[in-house]
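> Encoded as C-alpha cells, here's the structure I'll be asking about.
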Amino acid sequence: MPNNQFMHPRNIYRKPPAFKELAVKYPEFNKYASVGLNGKIFFDFKNQDGLRLLTTILLKKDFDLDVDLPVGRLIPTIPLRLNYLLWIEDLFNLNYDNTKKIKGIDIGTGSSCIYPLLAAKQFQWSMVGTDINKEAIKNAIKNVEKNNLQNLIQVLEVSEWERLLPVAVDEHYDFCMCNPPFHSFSNLNSSDDEADNATGATSEMYTMGGEVDFVKKMIKESEILQNSISIYTTMVGYKASLDPLKNELKAIGACTIAEAGFYQGRNARWGIAWTFQPDIKLKDFLPNKEFQKEKLKLRPPVSFKIPESYDSTTALTKLSELLDSLKLSISILKSKIDESVLYQADIQAYENTWTHQRRKRRMEKRLADCKRQKTNDCCLHVESDDERVDHHLEASLKAKPLFAATLVLRKTDNTISIDMLHLDGNRDNSHQVFQFLKNRFI
C-alpha cells in the first residue's frame, strides 16, 4: 500500500495485516484470498462480501469488537477511522492530561457505529452517535449492546431538517467528529475508492451541495454553540473543500483552525478542526507536508536494534538520559493501542547540541573547575559565556525548529529497537541525532 508510511505514527496498520496468519486462523477468509506464484497471499478488496468479512475479523482480532456490518451499508475502512481518532487524541494530548474524561459526538454514526465503538473501546471516551436513518440507528444500538458499551455510548436518532449537533443549553462536549456524505447528487458516478469499495445507503455518501454545504451547516451551528463544544472536527473527502471551509471559519471568528491529512492504502482524506476557546491549542497533522513541497515521498522511519544487554527498563532510562542531554523539546505521546511501544514522543530541536560533544564537555569541565577554585576572574569570564548561551537559547525558542521527528522505543518479541520518523525541517540534522542515539547505544 503506497501511502502506509503517511499513516499516523500510532496507527497499528502502518504494517499491513498478515494475510497468511488470517488465512490460518480464520478459514472463511480463504474464500476471498488467492496465493501467488511467490507464495504471497492476495486479497480481493473489490469483493464486498470479502471486505465485510475482513473488516469484522480485524475489529475482533485487533480491538476485541464484535460488529455487525449489514449488507447494503457502508463498510468502514478501519485504518482511516483510526487515523482520524488518533489525530483527535493528539489534540487532547496538547490540552489535557490523561486523567480527563472525554465526551464527544459523532455526527452520522451509521449502522456500524464504528467511531463510537473504537473511541470507547480504545480510549474510554464517552460518545453520543447520531443518525437520521432508523435502520442505521437500530443496527448501531445492536452493535453497542453486543459489546457491552452502553455505559459509554448513546445512540440518538435525529432529523435531517433539524440540528446536526443535538447539544442542550446546559450540556458540554469536549469534541465532535463527522464523516459527512462526501459527494453531491450531481456526482453520482464518483470514482472515489471508498465509494467503489462499499455499497452504502445514498444518505451515507451523497448529499445536496456535497460535503462543503453539509459542513457549512455544521459551522453555522458551531457559531451558535460556541464553547458548548471545545473542539469541532470533521473529515472531508476532497482536498479542494478545505479552503472554502477555512474561509467560512475565519469569517465566523474561530480562534484557531487546524487541518490534517489521513493517508491509507490508495486513498486519502482530510480533516479540519476549529475552536472558539483561546486557551485550546490545535495542531496540524500533515505527514506528507514535505512531499507536497518538494514532490518527494516521505522516507520510512529509520531504525536500529538495541543490544541484548539492555532490557526494557535500562533502555528507557538510557534513552531518557540521552534526550535530556540533547535539550530537545519533547512532547510525550501515549499509545493505548500498540502494546509493543515502550516510549513515544514528538521531538523538536531549536539548537544543535549533538555535534562537537568533546568541546562542550571541556567547557563544562572548565566551568566546574572555576566554581571549585572560586577564582573571580575566571568565574566572571565563564559567566559571560554562559550569559551568551542563555541569550542564544532565548532567541532559539522563538525560531523555527531545526527539525521535528517522532521517536519510538518499542519491544517486539525479545527485540528492543528505536524508530525515528523525520517530519519536518532539515533532514540532515534529524539523521545526525538518530546517529548520535545509535552510537551511544551501540
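> If the limit is 20 Å between Cα atoms, which of Lys327/Lys400; Lys216/Lys239; Lys20/Lys305 go over it? Could you put the intermediate results ahead of the total?
Details: Lys327/Lys400 16 Å; Lys216/Lys239 15 Å; Lys20/Lys305 26 Å.
Those over the limit are Lys20/Lys305.
> Let me ask something additional. Let me check I've understood the local charge: for Lys31, count other residues with C-beta under 15 angstrom from its C-beta, Lys and Arg +1, Asp and Glu -1. What total comes out?
Values: positive: Lys25, Lys46, Arg52; negative: Glu28, Asp44, Asp49.
With Lys, Arg at +1 and Asp, Glu at -1, the neighbours total 0.
> For a quick protection proxy, order the peptides 311-318, 114-121, 345-352 by their average other-Cβ count within 10 Å, most packed first.
On the way: 311-318: 14.0, 114-121: 25.2, 345-352: 18.6.
Taking the mean over residues of other Cβ atoms within 10 Å, the ranking is 114-121, 345-352, 311-318.
> Considering only protein heavy atoms and a 1.4 Å probe, what is the carbon-and-sulfur percentage of the accessible area of the range 1-106?
Details: 2710 of 4940 Å².
Carbon and sulfur together cover 55 percent of it.
> Kindly report, to the nearest 10 Å², the accessible surface of Asp97 as traced by a 1.4 Å probe over protein heavy atoms only.
100 Å²
> Separate question: Can you bin every Cα-Cα distance in the range 66-172 into 10 Å intervals starting at zero and give me the percent of pairs per bin, rounded to whole numbers?
P(r) over the range 66-172, rounded to whole percents: 14, 46, 34, 6, 0.
> Now for a different question. Once the cut-off is 13 Å, how many percent of the Cα-Cα pairs in the range 299-340 end up in the long-distance tail?
On the way: 607 of 861 pairs.
Of the Cα pairs, 70 percent sit more than 13 Å apart.
> Now for a different question. Using only the Cα atoms of the range 1-93, what are the Rg and Dmax in Å?
Using the Cα atoms of the range 1-93, the pair Rg, Dmax is 14.4, 47 Å.
> Just give me a number: lysine pairs in the range 72-161, eight or more positions apart or cross-chain, with C-alpha atoms less than 28 Å apart.
Summing the qualifying lysine pairs gives 18.
The values are calculated or read from the model by the stated rules, or taken from the named source; none is laboratory data. Note that the structure is a prediction, hence the values are computed from the model and not measured. Quick reminder, even Gly has a Cβ in these numbers, built from the backbone with ideal geometry, and neighbours come from all protein chains shown. For the accessible areas, the whole protein counts, side chains as well, though only heavy atoms, and no ligand, DNA or RNA atoms are used. Shrake-Rupley method; radii C 1.70, N 1.55, O 1.52, S 1.80 Å.
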